[in-house]
Amino acid sequence: MTAKGRLYGIGVGPGDPELLTLKALRLLRAAPVVAYQSATDKESIARAIVAQYLTGNQIEVSYHLPRALEPEKAESIYDKEVEPIAQHLAAGRDVAVLCEGDPFFYGSFMYVFTRLSEHYHTEVVPGVSSLMACPVALGVPFTYYNDILTVLPAPMPAEELTTKLLTTDAAAIMKLGRHFTKVRDVLHQLGLASRALYIERATTARQRIVPLDEVDPAEVPYFAMIVIPTKNRL
């Protein structure tokens, strides 16, 4: 009977290939199969980050998990998309699944994990997340001492954004994309726009830092963040 392969969820960081951990690099190079999320018409961001570390002899598996789907619609699609990974594991081949940032922090690997981890030995390797990378790239500390930091997904309704922002010392607003205008308007209404810092594609060659009111809403990518650092200083 063939032994089952092992599943590895590897956080590859926010974009700079040098932010890959030593453990992630070791497991990536040892895996006979490398899988990664990719939009149907675009290059995989996760693969591009680690391209220089691939051996050239590995089987590659690309899968697509559409965003912005209702959970009941997404479930069957996600089940089907991860099946090729399961087939390699069942055949005894280890699979390293790449994930931008950290696998368990809004990471696409979570959907693979929930479907396969009960059936195959699974190990998750943390990665540097954009939550850590963005304030460093901006050159501002997020928090001091007992400050509260709140992480908010931009797609949430304006009313909820407003409520959350009123009860925190610092905030990170992620997944901006087409939701940028809504978020910017909320920040102006709350008097937070002057503290808000915009950055996109942090740590990559395409990183951009732009004043909030100079951002073109039509050009905001999904991988963009607004950082609102604490007003406290110690």
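The values are calculated or read from the model by the stated rules, or taken from the named source; none is laboratory data. Only a predicted model underlies this, so the values are computations on that prediction, with no experimental measurement involved. Note that each Cβ is placed from the backbone with ideal geometry, even for glycine, and that neighbours are counted across all protein chains shown. Keep in mind that these areas ignore ligands, DNA and RNA; they rest on the heavy atoms of the full protein, side chains included. Shrake-Rupley method; radii C 1.70, N 1.55, O 1.52, S 1.80 Å.
Observations on the model:
- Test: residue in the range 210-219 that is within 19 Å of Leu138 (Cα to Cα), in contact (Cβ under 8 Å) with a residue 40 or more places away in the chain and in contact with a strand residue (DSSP E or B) (Cβ under 7 Å, 6 or more places away or on another chain): no
- Tyr144 among the aromatic types (Phe, Trp, Tyr), open to solvent by 40 Å² or more (accessible area, probe 1.4 Å) and in contact (Cβ under 8 Å) with a residue 40 or more places away in the chain: yes
- No other residue among Ala35, Ala39 is outside any loop (DSSP other than H, G, I, E, B), under 18 Å from the mean Cα position of the chain (by Cα), within 30 Å of Arg178 (Cβ to Cβ) and hydrophobic (A, V, I, L, M, F, W, C) apart from Ala35.
- Segments classed as helices (runs of 4 or more DSSP H), wholly inside the range 45-104, with at least 2 members that are more than 28 Å from Arg201 (Cβ to Cβ) and free of Cβ contacts under 8 Å to residues at least 12 places away in the same chain: 71-81, 83-90
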